[in-house]
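In what follows, a single structure is set out as structure tokens and then discussed.
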Amino acid sequence: MVAAILFSILLVVAAVILALLLALYLVPVIVEAAADCTRERARATAIVAWGIVGARVRVDDAVQVLEVLVAGRRVMTRDLRAIAATEPEKEEKTAEKQGPARPVRDYLGAAGDLWPHIRKVLAAVDRSLYLETLRGDVTLGLDSPADTGVVYGYYTAARYALWPAEAIDFVLTPVFDRRVFEGALTLRMQVRRPLLIIIPVVQALLQKPVRERLRQVPGRGAPGA
């Protein structure tokens with residue numbers, strides 16, 4: 001009897017894990033962002049959703065909030081300004097515990113050691129990303145007309161390079177007689193088969209040298225810890 005119950009529990013757990021892995025393979029992560037800026041106001045909204053679960057960040061002159069969504073309904077809200085207010089105290093206490101900052105060469109060494117794993121993760125991300133739309137219409141004027149011209153030159157070169165991409169439609173209008181930044185931007189993209197990104201991340205974290213290196217970067221551990 002006990003063996004049958006244990007087998008049933010293991011079977012249910014295995015089914016749940018398989019269903020989760022299948023969902024991570026088939027259900028894409030949707031990323032959406034929209035922003036607009038004028039002289040009177042600036043606001044932006046970003047949404048990351050996987051299936052019925054998502055998170056939304058809304059920022060404007062009045063509110064800065066993080067919202068957790070389930071089936072499109074808000075189930076939890078956090079004030080980003082309140083969170084940011086507590087960060088300096090946490091960073092100060094963390095810095096006191098960690099002691100002096102590590103030399104730059106330590107970070108460069110860690111990046112070099114971790115690069116093979118980082119490259120695999122980046123390759124998986126590149127294969128999974130799919131841009132559905134990127135639309136923008138921006139009016140830009142800098143303090144120096146020469147600087148405005150340089151930015152517009154780079155934009156022109158990039159525009160012709162990306163001309164075949166139908167998903168991208170970005171217009172930059174230069175203004176040379178005054179300082180201005182106005183416009184709107186919308187973005188929608190998919191991260192297809194997120195499981196293929198998770199796999200190289202987990203593979204890297206399962207290796208002890210990688211974990212040791214990651215502990216050393218913020219100064220929380222020493223080799224072999």
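The values are calculated or read from the model by the stated rules, or taken from the named source; none is laboratory data. Because the structure is predicted, anything quoted here is derived from the model rather than measured. Here the Cβ positions follow ideal geometry from the backbone for every residue, glycine too, while neighbour counts run over all protein chains shown. Accessible surface areas use protein heavy atoms only, side chains included; no ligands, DNA or RNA. Shrake-Rupley method; radii C 1.70, N 1.55, O 1.52, S 1.80 Å.
Considering only the stretch 37-50, state which residues are open to solvent by less than 40 Å² (accessible area, probe 1.4 Å) and over 20 Å from the mean Cα position of the chain (by Cα). C37, the sole residue that qualifies.
Regarding L6, is this residue closer than 29 Å to P194 by Cβ and either open to solvent by 90 Å² or more (accessible area, probe 1.4 Å) or aromatic (F, W, Y) (or both)? In short, no. Of all residues in the stretch 9-27, those being in contact (Cβ under 8 Å) with a residue 24 or more places away in the chain, out of contact with any helix residue (DSSP H, G or I) (no Cβ under 8 Å at 6 or more places or on another chain) and open to solvent by less than 90 Å² (accessible area, probe 1.4 Å) number 2. Apart from one condition, Q190 fits all of (1) surrounded by fewer than 14 Cβ atoms within 10 Å (Cβ to Cβ); (2) in contact (Cβ under 8 Å) with a residue 40 or more places away in the chain; the exception is (1). Every condition in (1) within 23 Å of L134 (Cα to Cα); (2) surrounded by 16 or more Cβ atoms within 10 Å (Cβ to Cβ) holds for L162 except the one numbered (2).
Taken as a whole, the structure leaves R211 outside the set of residues that are touching a Ser or Thr at 6+ places or on another chain (Cβ under 6 Å) and basic (K, R). Of the residues making up the stretch 38-85, those that are over 21 Å from R192 (Cα atoms) and in a loop (DSSP other than H, G, I, E, B) are T38, R39, E40, R41, D60, D61, A62, V63. For the stretch 128-144, which positions are of a type outside the set (S, T, N, Q) and surrounded by 13 or more Cβ atoms within 10 Å (Cβ to Cβ)? Within the stretch 128-144, L129, L131, L134, R135, G136, D137, V138, L140, G141, L142 qualify.
Inside the stretch 165-179, residues that are under 16 Å from A146 (Cβ atoms) and either open to solvent by 60 Å² or more (accessible area, probe 1.4 Å) or among the acidic types (D, E) (or both) make up a count of 4.
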